[in-house]
1. Restricting attention to the range A:339-355, and to residues there that are surrounded by 10 or more Cβ atoms within 10 Å (Cβ to Cβ) and without any contact (Cβ under 8 Å) to a residue 24 or more places away in the chain, which single residue is farthest from residue A:367 (Cα to Cα)?
2. I want to confirm something. Restricting to the range A:128-143 and keeping residues that are surrounded by fewer than 19 Cβ atoms within 10 Å (Cβ to Cβ) and farther than 14 Å from residue A:96 by Cα, which single residue is farthest from the other protein chains (Cβ to nearest Cβ)?
3. Looking at residue A:123, is it surrounded by 16 or more Cβ atoms within 10 Å (Cβ to Cβ), more than 15 Å from residue B:181 (Cβ to Cβ) and more than 14 Å from chain B (Cβ to nearest Cβ)?
4. Just wondering, is there one or more residues in the range A:25-45 that are at pLDDT below 90, in contact with a strand residue (DSSP E or B) (Cβ under 8 Å, 6 or more places away or on another chain) and within 14 Å of chain B (Cβ to nearest Cβ)?
5. Mind listing whichever residues of the range A:95-116 are within 22 Å of residue A:79 (Cα to Cα) and either crowded, with 21+ Cβ neighbours inside 10 Å or modelled with pLDDT of 90 or more (or both)?
6. I'm trying to understand the selection: among the residues of the range B:173-208, which are in a helix (DSSP H, G or I), within 11 Å of chain A (Cβ to nearest Cβ) and touching a residue at least 24 places away in the same chain (Cβ under 8 Å)?
7. For residue A:102, state whether it is at the interface with chain B (Cβ under 10 Å from one of its Cβ atoms), under 22 Å from residue A:55 (Cα atoms) and in a helix (DSSP H, G or I).
8. Select from the range A:133-154 the residues that are modelled with pLDDT under 90 and assigned to a loop (DSSP other than H, G, I, E, B) and write down the one among them that is farthest from residue A:171 (Cα to Cα).
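The values are calculated or read from the model by the stated rules, or taken from the named source; none is laboratory data. Fair warning: this is a prediction, and the values are worked out from it, not measured in the lab. Cβ atoms come from the backbone with ideal geometry, glycine included; neighbour counts cover every protein chain shown.
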């Protein structure tokens with residue numbers, strides 16, 4: 001059967017600054033088909049589709065519909081050409097009902113009559129098998145219902161080409177089945193459906209053809225029936241590239257952070273971490289691989305004390321064996337408590353007991369530095385806030401994904417940003433500015449931050465320099481666990497290597513480094529072990545020295561999870 | 001003379017000042033802009049209307065034309081202030097609170113200068129009678145409700161109708177709740193913000209004009225307008241961002257506010273001078289209570305527009 005072309009893209013190129021997001025992409029979309037756009041994080045899938053939807057405008061190339069060239073400069077132009085995109089982040093007004101959201105912004109078509117709109121929405125919903133109450137308010141809706149509103153919003157405007165960006169990312173398996181059934185019905189109705197995804201099983205299940213993108217380039221478009229998982233993975237991942245990152249062998253590795261059976265729900269009650277268990281060792285870099293939004297951020301935040309857990313344990317082993325007890329962080333009461341558990345011995349190995357001693361004498365003894373821990377301290381981090389975690393003596397350094405949002409204050413200068421970590425240390429109620437300034441100068445020196453001086457607001461620095469300041473500060477506080485999420489995002493090659501080198505040096509200093517990365521080549525070259533996450537679950541733990549990109553790629557994208565033992569160590 | 005009826009009608013008449021002020025403020029807030037310039041805008045609205053009256057009041061024009069032109073002058077002055085506010089906060093994305101406070105200081109100050117230029121006689125003769133409905137002539141207390149009072153009620157109801165029953169209202173509320181969403185569906189966010197702010201400011205300006213010319217009919221009346229502007233902003237919260245509820249709210253505020261003047265006239269009631277300010281405080285106290293009650297109930301519909309006070313930057317395109 002000859003199929004009619006709905007849309008053609010020819011030689012589409014888009015640059016963001018010096019980054020080439022799409023390089024001469026050609027793509028055909030037919031009527032009555034489901035086309036999957038497959039690719040890794042940051043390969044340009046969404047950018048490409050945003051150009052049809054009117055969010056971005058291509059630097060080069062042409063878009064044709066029904067043989068004629070079209071110019072799409074805004075979402076409204078896209079609607080006029082019967083193209084609608086359902087974005088990953090829904091754009092809905094919470095306070096409005098489904099129907100109100102659906103007709104929002106539409107030009108007058110007769111009188112404003114919500115009853116008519118409700119009826120029309122019900123009609124569309126019935127036709128394609130959606131379940132939606134048009135009078136329900138968006139704030140009362142589940143994620144799946146919100147998505148339905150977005151899809152109907154597009155259909156209501158008469159779209160024939162529907163683009164869905166990662167539509168299954170937030171849905172439960174049952175909801176995914178229902179969505180796919182709807183998509184098939186729309187296809188039978190002659191609509192062209194494009195889904196952006198990285199989940200191979202979904203591609204194989206629902207699509208007719210697959211277009212594979214890699215690093216902004218269109219690799220191939222194949223018929224789904226003629227391909228298989230392995231072939232798709234290979235096209236998606238490409239060959240391994242040697243990056244020449246210096247990697248030392250781990251020495252004296254010890255368990256430092258033990259995560260067991262972590263479960264976490266986000267504010268919309270989506271299950272974002274499912275039974276996550278692993279151990280991070282001191283003296284190694286544990287890489288975390290996964291498609292963006294697979295729970296990496298939530299995992300790090302949970303460890304840093306920023307997310308309330310549903311269930312599970314986070315245990316920190318403070319390396320205190322044979323180290324003297326200090327009063328730096330601990331109260332005398334805590335020392336007495338530990339003493340009852342027979343936790344101390346003297347330098348000769350003889351057990352110490354404070355029983356019957358006065359507090360003054362205990363303090364004297366401890367201050368002499370001759371009271372040593374018998375074992376490492378085991379500390380439960382569950383539901384402790386970041387400050388408590390630090391007061392316990394745990395140096396958990398956290399480099400958030402959103403550099404300026406959570407890590408640094410843009411309007412404050414470098415010194416002040418250093419003080420965000422040390423403001424409690426000044427004499428009395430006053431701030432100590434000398435040490436932070438010295439630290440700021442040291443970071444500028446050692447990491448070659450290009451800035452006029454320590455008094456420059458961080459917001460004025462370039463992305464790479466901001467990142468250096470943030471990473472530099474986190475490292476300066478001698479962490480025992482260093483977590484870094486996408487620390488090289490947006491950095492040039494040289495700055496990236498500076499950061500890789502810093503992480504490696506931390507590892508050699510006996511820090512347990514957890515590195516969340518998006519580039520598999522970097523993960524393979526930098527880490528000692530790689531934990532693979534997929535949909536909030538740990539789907540694999542591999543040795544970075546022997547693993548291949550394809551192997552990790554499969555773990556990242558395959559949806560049927562391998563339950564039980566394999567996911568653990 | 002029935003003192004209670006007098007009290008009630010007077011409160012209604014007085015409350016119309018607030019209906020204008022808070023209906024105007026609600027329109028602006030529904031577009032996502034907290035306009036603290038309302039007191040200044042009401043001052044300028046009053047001054048603008050009075051200047052027009054001063055120019056044409058003795059020209060022998062028909063009475064209704066004088067009234068009409070005065071009202072239009074007041075409307076124009078308010079809208080001009082709204083234009084300044086919109087330009088600063090929408091186009092230049094200046095801080096809304098600072099801009100609003102600056103406009104209030106500016107408007108209140110300029111008004112004092114302008115009002116000194118007008119002829120005090122203008123406020124006493126002519127206009128006051130022209131604002132009355134003929135049927136209201138029988139009893140003294142109904143005399144107090146003029147054309148501009150009924151206009152205030154009509155404006156509040158119309159504003160509610162537009163906001164909650166029309167496409168334009170839906171789009172405007174979307175702009176105030178989530179400008180990014182509105183932008184994505186092709187609503188011209190800037191245009192809606194300008195329109196809502198300017199129309200709202202024009203309406204608020206009428207409040208100042210009404211108070212001077214109709215309710216007080218005295219040149220000195222301008223001195224209290226700024227304070228009533230603040231009360232109008234408080235009333236927005238009381239009315240839960242629904243213009244038609246400002247009619248109820250204004251009456252309650254009017255009653256509370258006037259009771260300090262009327263309480264002394266009630267036989268058997270004695271109050272000291274010191275008690276008066278305490279009575280005048282009542283409207284604000286009620287606002288606090290309403291805030292507490294609505295915060296506890298925490299119903300989504302009764303909350304301020306979600307993007308209130310935030311400038312909208314379209315993301316990099």
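1. A:340
2. A:129
3. Criteria not met by residue A:123.
4. Looking through the range A:25-45, none of the residues is at pLDDT below 90, in contact with a strand residue (DSSP E or B) (Cβ under 8 Å, 6 or more places away or on another chain) and within 14 Å of chain B (Cβ to nearest Cβ).
5. A:96, A:97, A:98, A:99, A:100, A:101, A:102, A:103, A:104, A:105
6. Selection gives B:173, B:175, B:176, B:177, B:179, B:180, B:183, B:189, B:192.
7. Taking the combined requirement at face value, the residue satisfies it.
8. A:141
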